[in-house]
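Working notes, structure below.
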Amino acid sequence: MTPSVAQPRSLDDAVEALRTAIDPTVLAGGTDLMVAINAGSRRPTSVVSLIRVPELQGWHRDGDEVVLGACLTYAEIERGELASLVPALAQAARTIGSPQIRNAATLGGNLGTASPAGDSLPVLAALDATVETIGPDGVRTLPVLEFVTGVKRTALRAQEIITAVRVPVLRGPQEFLKVGTRNAMVISVVMAALVIDLDGRSVRLGLGSVAPVPVRARDAEALAEGSVDWDTARIGDQTVFGRFGELAAESTAPIDDHRSTAAYRRHAVSVCARRALERALR
Amino acid sequence: MSLTGERVRGGLGESARRPDGGPKVAGSFVFSSDLTADGMVWGSILRAPYPHARIRSIDIGPALALPGVHAVLTAADVPGDSSYGLEHADQPVFADDTVRYIGEAVAAVAADHPDTARRAARAIVVDYEELEPLVEAEAAITAEPIHPDGNVFAHLTIRHGDTTASGDVVVEGDYEVGMQDQAFMGPESGLAIPDGDGGVDLHMSTQWLHVDRDQVANCLGLPHDKVRMSLAGVGGAFGAREDVSMQVHLCLLALHTNRPVKMVFSREESFLGHVHRHPARMHYRHHADKDGRLVKVEARIVLDGGAYASTSRPVLVNACCFAAGPYAVPNALVEGWAVRTNNPPCGAMRGFGAVQACFAHEAQMDKLAAALDLDPVELRLRNAMKTGDRLVTGQVVTGAAPVEELIRTCSGWPLPAEDPEPDPMTLPGGAGRTADGSRLRRGVGFAVGFKNLMYSAGFDDYSTARVRLEGGVATVTCAAAEVGQGFVTLAEQIVREVLGVDEVILAPPGTADIGSAGSTSASRQTWMSGGAVERAALAVRDRRDAGEREPIEETYEYHHPPTSPLDENGQGNAHVSYVFAAHRAVVDVDLDLGLVRVVEVATSQDVGRVLNPLQVIGQVEGGIAQGVGLAVMEEIVMDRGVVRNASFTDYLIPTALDMPDVAIAALVEEPEPGAPFGAKGVGEPPTISSSAAVAAAIRAATGLALTRIPVRPQDIALAHRDSTKLA
Amino acid sequence: MTDSVTFQLTVNGADRVVEGAWLGESLLYVLRERLGLPGAKNACEQGECGSCSVRVDGTLVCACLVLGASAAGSEVVTVEGVAGDAGGLTDVQQAFLSQGAVQCGFCTPGLVMTVHDLLERNPTPTEVELREAISGNLCRCTGYGRILAAAQAVVAERSGSGRSQRETPS
């Protein structure tokens, strides 16, 4: 068998390449895959690179939503108009890796890797994003929380790829906070993404690095939603913020590892959730 | 392979440019990982996955069966000494029957491609019997020995003055320093080329060519002159290249395959394949009178040396000699242990034992100041060591000891203003946008430290240099390892100064051409190799001035004054000279998240004489970066002998967004008697007390005890939460 | 090796053919070991140090995280080609020398590439912008002070404003 790197120039070609290749490895930005290859823990026999598929590039507005191409890079998310449409995602993008990483790493890749520390995941969870895929069985659409099924596990089927992520454009403040032991280029210890939907009158809190998969803090959300004066977009009861943080922490299942401890993660979630809500609605 | 590219100008005291700078910015400088040779194959090492295990059997068959594999070697293939070591040869070239730390070399492979070599190494079948790892240093003192040479590398007691003395005020504390890594950027790498006559040429990045050469030759069972080592470009060192890493393996593979063999450690392998800074546990008790004058310092220091000896003994000697800090201490009782465990071997890192002790003695000084209700700076001034005072080893400090001036200039430097509208990127947490202005606290901490220059305790420390003058061009031959510190620049400056010539050429350093220059460590090359180059150049000048015709060549072997080992009470004239530094750190701390932003580190350094201002600044700023790293983020995380973070993803060193502004309050130029040009080495002092200053600043900001570095976010946040709950 | 690939790319303006490479080789390995361009450095091989920073089709990336064969048809610029046809040293390289930004030099090529990339996109960065831009380039020797000084010297020089904020003594 001849090893190969397929570089399809259309989505149809990409689907076909994946269908015909034997044990294909999907390559997008390469920032996760190449780490594994360089370490010798993955040895691909054939590679399908998605980075030149036009349908997977960039983003576009679709009514009340934006459609983010799977190969949209974090550098693209960080700046420009997109940053004002989905601010929490832009804030998260700026915390990811280094500028060089952000120039290469893609949103689809972050989803596909599905690391518990994946920086975009809590934001996508808070936004109730949907993940669009294509494969031999056609096109599928899954809520992000159904897409990510476990530590580095997803609902992607064999020969299926992510094509896009659909997120709503919402009126209301958004916040993303990430705790790491360094001021830049650091794997998250805890993340909190808060999205306020003033029109839908909802408060949504996504948490990362505190469970095998991104978490929505439903009890905290319910408390906050019940406490907001939606006409002024403020929470008057000053005890709500602290309680919001505590409920957020209760929705997590963190672990001790070499980056931090479960006790700190639980505590830091409560602090970050509280601060996010204070910034947004105090 | 020339290590230098352009001619530079400038004599002593000027910021002469590095001769290797041009190639380095152009990408043409040849680092050890850039080497290549015709017919070259690639080496790879199989490393043990357990911290403690018995090897029942090794089957290299599956590796040899892979196409492209040229050699697979194990302990049985080592023709000479089976072990090596800087001071004591107790580290096996390959683990034979026992594995004593995770990542210990078990076998080596040569193959036609690095991926093939790696796959072949993984194809070797090793049958291990896992053993319980010994991971607690304190327990190791009395535990069943895990090596035939026992578990105690060194035990030292210093009894100074009246060890029963007591003071009006007594403060006591336990302190801990985590395992720091040198984390140089250029991974271990080298190229060994067989000479076809049973010998081998080894091109390596190292700190000490001749001692590497001796260890390699002993293991190969060859006369020393059959192994020739040349310095290949070194991508930083900081102590981690003092010990042999891949040198023996590379030469064995080259001799077995009769081909050039190249090896480059991955970053993970680099973390596993070199020594680290010793983790330390320290118990201290300080006694002072009512006026804050130190009466007695008691300390018990336990260093975890890991599986093999490396430089554990001299590191312990240093930790104990400098345990009380740069203060006049009339009475002291210091007990130190350096022990063997199944943790990774520890050895030299910038500061060499003084860093660990400094963290503890400076925390104690702050505690004492609080107990006396004295300003911490004032307490230090009252006790500052000066020329004529004695160390706790009884030795009189005869050279420059401008401790008071360092403290005054550093503490007097203006504090940085608080930014009323800070960029969130500059707050604790940085890009993570976590900071809440109302929950930030600023703290200021101060620390002073010192250590010895050059080798001590009876070691015959010397350097050799040759200067040849021909046609108005001076050529310097010296085996001093340039690891980034800028000795190449200094050597040229010295020769220009002495001989008044413009053009100076540095010959590539190698063992075949000249005797040892000693190690690039202990802040010693400016003095030792600088001294050798100066004396050789002076001898050339004398002959030229006497009218002799060129070429004129002189070789000089420079020795520093002899020192003695410490006696059974830890007393004796063990050191030649000392260097001092003061640091003041300013930090912002997020009380709830425990995240720290080091805002500024101001420093005053004792330098003797500034020979190259730009290079001194570079050493100071770089040394402080490593001190800041140890204070707030750098640690090899161990879990029952297993390294959990052997990567740059998880072993964090400061980025440009973590590194504070450095304010150099003073470079104190009090010439050191006996030192060439009066200059002291400047490599280590910036690292010694900067960690302690940052930790003190975090304590000041939080009011927490924080007796361990690195200070982790959870150490601050959870302790702060608990303290406010109690309140 | 049996599982080999062959491809072509443009490096520093020249067409280069890579023959018989292992499929998994990174662009960094291809540059260093197959094309004789060791300027991009190998320090972590997981994108955490920036030592291998190169430009691929105008974008600054870590060469260790680019699958070599997937760069087929791309235009790659390494430190060896950063001066372009003019040759010699660029103003950034000169400033690294004059400001003392070079010690061991292992991080230097990557930082030279990063500073060039930044100043093309943002000719007058603030100090925070500058620090953020180089935050993916680890340096273990300098503490970044002289590197910042070098970048600021270039900004000052290019904007004709003379002295920079962090001038180092001469």
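The values are calculated or read from the model by the stated rules, or taken from the named source; none is laboratory data. Just so you know, these numbers come straight off a predicted model, no measurement behind them. As a convention, Cβ positions derive from the backbone with ideal geometry for all residues, glycine included, and neighbour counts pool all protein chains shown. For accessibility, only protein heavy atoms count, side chains too; no ligands or nucleic acids. Shrake-Rupley method; radii C 1.70, N 1.55, O 1.52, S 1.80 Å.
Numerical summary
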| item | result |
| --- | --- |
| Overall form of the range B:562-675 per C-alpha gyration tensor (a/c, 1.5; a/b vs b/c) | oblate |
| Gaussian network model of chain A, springs between alpha carbon atoms under 10 Å - residue of A:Ser209, A:Ser115, A:Ser41 with greatest fluctuation | A:Ser41 |
| Max mean-square fluctuation residue, GNM over chain A, Cα-Cα springs under 10 Å, options A:Val240, A:Val139, A:Val48 | A:Val139 |
| Charge dipole magnitude, Cβ of K and R +1, D and E -1 - chain B, Cα centre, debye nearest 20 | 540 |
| Percent RCO, i.e. relative contact order, over the range B:1-156, from Cα pairs under 8 Å lying at least 6 residues apart | 28 |
| DSSP-loop GluC sites (Glu not before Pro) across the range B:541-599, with at most 15 other Cβ within 10 angstrom | B:Glu548, B:Glu568 |
| Antiparallel DSSP beta bridges within chain B, as percent of all bridges there, nearest 5 | 75 |
| Interface residues, the range A:65-109 - accessible area loss of 20 Å² or more versus chain alone, probe 1.4 Å | A:Gln91, A:Arg94, A:Thr95, A:Pro99, A:Gln100, A:Ile101, A:Asn103 |
| At most 14 other Cβ within 10 Å, DSSP loop - trypsin sites (Lys or Arg not before Pro), the range C:98-163 | C:Arg163 |
| Alpha carbon centroid spacing (whole Å) that separates the range B:177-214 from the range A:5-22 | 46 |
| Cα-based shape type of the range C:84-158, given that a ≥ b ≥ c are square roots of the gyration tensor eigenvalues and the cut on a/c is 1.5 | rounded |
| Taking the range A:4-49 and dividing mean pair separation by its residue count, relative contact order in percent (alpha carbons under 8 Å, at least six apart) | 56 |
| Kirkwood hydrodynamic radius (C-alpha pairs) into Stokes-Einstein, the protein assembly as shown, 4 °C and 1.567 mPa s, D in µm²/s | 42 |
| In degrees, nearest ten, helix A:218-227 long axis to first principal axis of chain A (Cα) | 40 |
| Over chain B, relative contact order from alpha-carbon pairs under 8 Å, at least 6 apart, % | 16 |
| Within straight-line cross-link reach of A:Lys178, lysines at Cα separation under 27 Å, skipping those fewer than 8 residues along the same chain | A:Lys152, B:Lys725 |
| Gyration tensor (alpha-carbon) shape descriptor, chain B, a/c threshold 1.5 | oblate |
| Partners for B:Lys24 among aspartates and glutamates (Cα-Cα distance below 15 Å; same-chain residues under 8 apart left out) | B:Glu6, B:Asp34, B:Glu482, C:Glu80, C:Asp91 |
| Set of lysines near B:Lys296 by C-alpha distance (under 24 Å), chain-local residues within fewer than 8 positions excluded | B:Lys367, B:Lys386, B:Lys451 |
| Neighbour cut-off at most 14 other Cβ (10 Å), DSSP loop, trypsin sites (Lys or Arg not before Pro), the range B:233-338 | B:Lys290 |
| Principal-axis tilt of helix C:108-121 within chain C, Cα atoms, nearest 10 degrees | 70 |
| Where A meets B: accessible area buried, both sides, 1.4 Å probe, Å² | 2900 |
| Whole-angstrom gap from the range A:225-282 to the range B:18-61, using each part's C-alpha centre | 48 |
| Cβ neighbours within 10 Å from other chains - mean over C:147-154 | 1 |
| Accessible area buried at the B-C interface, both sides summed, 1.4 Å probe (Å², nearest 100) | 4400 |
